[in-house]
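Working notes, structure below.
The values are calculated or read from the model by the stated rules, or taken from the named source; none is laboratory data. The shown structure was predicted, so the numbers you read here are calculated from the model rather than taken from an experiment. Note that each Cβ is placed from the backbone with ideal geometry, even for glycine, and that neighbours are counted across all protein chains shown.
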Amino acid sequence: MTEPSETVERRALVTGASRGIGAAIARRLASEGYRVAVHYARAGGSAAEVHADLEGDGHVVVQADLRDPEQARAMVDDVAAQWGGLDVLVNNAGVFLAHPIDTTDYDEWQRIWSETLEVNLVGPANVTWAAVRHMGPGSRVINVGSRGAFRGEPDSPAYGASKAAVAALGQSLAKDLGRRGIAVTTIAPGFVDTDMAAEAMEGEAGVARRAESPFGRIAHADEVAAAVVYLASPDAEWASGGILDLNGASYLRM
């Protein structure tokens with residue numbers, strides 16, 4: 001087993017950390033002694049609030065539009081230069097756009113496919129390419145996927161496809177980067193109680209979505225963050241290549 005640095009010294013970049021799951025992950029990692037880079041694309045004020053709320057010191061806020069390959073690489077290189085390296089990457093940034101095939105015109109269909117794949121798949125691939133050049137043995141790459149990769153997303157097919165591809169990307173990189181002592185994993189949450197999911201959880205649709213789980217609820221963002229903390233830890237090397245379902249038994253796959 002590789003010998004990573006002590007947890008208190010570990011350095012983590014979390015994309016899409018200005019709100020929701022990403023913000024919860026950033027806070028939880030900071031509480032565990034990590035230095036955290038809070039990435040945002042547009043919500044600079046929210047990112048600053050998350051940064052101000054983090055325990056410990058040495059944290060930074062970084063901006064990049066992950067649809068732009070050069071911005072993605074420059075952002076990673078900037079974080080690594082400030083810290084002298086990188087130990088953990090959490091690819092959390094993503095978009096969820098509705099575009100049912102029967103009610104979406106062709107131009108909109110193309111636009112949403114392009115944007116979704118750029119942000120949800122190509123962006124994480126580019127960020128990971130840049131990050132691993134600053135990582136040593138014991139480092140971790142953790143992708144935030146979705147149960148939608150496996151159950152299907154009929155109203156948002158680009159989202160489902162992008163998250164399935166992220167899971168495959170993680171497994172491909174796990175096979176490649178293990179020789180360097182870098183473990184790669186993917187988590188696959190269902191609905192999580194965040195502002196992004198608030199509208200979807202209203203009314204009868206929200207009641208039905210909560211009823212999908214035998215626990216009668218959806219996930220708390222802190223529950224997802226707790227799983228990321230484990231996967232980022234020195235104890236999680238043998239989870240590499242794994243996909244961890246976090247959906248309260250609302251969707252089961254073999």
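In region 137-254, counting only helices (runs of 4 or more DSSP H) that sit wholly within it, the ones holding 3 or more residues that are surrounded by 17 or more Cβ atoms within 10 Å (Cβ to Cβ) and among the aliphatic types (A, V, I, L, M) span 157-177, 221-232.
Conditions tested, residue by residue: (1) more than 20 Å from Ala23 (Cα to Cα); (2) aromatic (Phe, Trp, Tyr); (3) in contact with a Pro (Cβ under 9 Å, 6 or more places away or on another chain).
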site	(1), (2), (3)
Pro157	yes, no, yes
Ala164	yes, no, no
Leu169	yes, no, yes
Leu173	yes, no, no
Leu177	yes, no, no
Gly181	yes, no, yes
Phe191	no, yes, no
Ala198	no, no, no
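Restricting region 25-54 to residues that are of a type in the set (A, V, I, L, M) and out of contact with any strand residue (DSSP E or B) (no Cβ under 9 Å at 6 or more places or on another chain) leaves a set whose member that is nearest to Arg10 (Cα to Cα) is Ala52.
Quick one: would you say Asp155 is under 21 Å from Ala80 (Cβ atoms), among the acidic types (Asp, Glu) and more than 17 Å from the chain's Cα centre (by Cα)? Considered against the rule, which asks whether it is under 21 Å from Ala80 (Cβ atoms), among the acidic types (Asp, Glu) and more than 17 Å from the chain's Cα centre (by Cα), Asp155 comes out as no. Condition test on Ala221, is it under 17 Å from Gly20 (Cβ atoms) and at pLDDT 95 or above? Yes. Contact list please: Cβ distance under 8 Å, first residue in region 126-139 and farther than 15 Å from Asp176 by Cα, second residue crowded, with 20+ Cβ neighbours inside 10 Å and of a type in the set (Ser, Thr, Tyr), pairs at least six apart or on different chains. Matching pairs, first to second residue: Val127/Thr15. May I ask you to verify whether Ser213 is under 18 Å from the mean Cα position of the chain (by Cα) and more than 18 Å from Gly16 (Cα to Cα)? No; evaluated as a whole, the condition is false for this residue. Anything in region 221-237 that is without any contact (Cβ under 8 Å) to a residue 40 or more places away in the chain and more than 15 Å from the chain's Cα centre (by Cα)? List them, or say none. The one that is without any contact (Cβ under 8 Å) to a residue 40 or more places away in the chain and more than 15 Å from the chain's Cα centre (by Cα): Asp235. If only residues of region 120-136 that are aliphatic (A, V, I, L, M) and closer than 30 Å to Met254 by Cβ are counted, the one that is surrounded by the most Cβ atoms within 10 Å (Cβ to Cβ) is Leu121.
Anything in region 24-55 that is closer than 12 Å to Val228 by Cα and surrounded by 24 or more Cβ atoms within 10 Å (Cβ to Cβ)? List them, or say none. Ala24, Ile25, Ala26, Leu29, listed by residue number.
Looking at Asp245, Asp195, which one is among the charged types (D, E, K, R), in contact (Cβ under 8 Å) with a residue 24 or more places away in the chain and in contact with a strand residue (DSSP E or B) (Cβ under 8 Å, 6 or more places away or on another chain)? Among Asp245, Asp195, only Asp245 is among the charged types (D, E, K, R), in contact (Cβ under 8 Å) with a residue 24 or more places away in the chain and in contact with a strand residue (DSSP E or B) (Cβ under 8 Å, 6 or more places away or on another chain).
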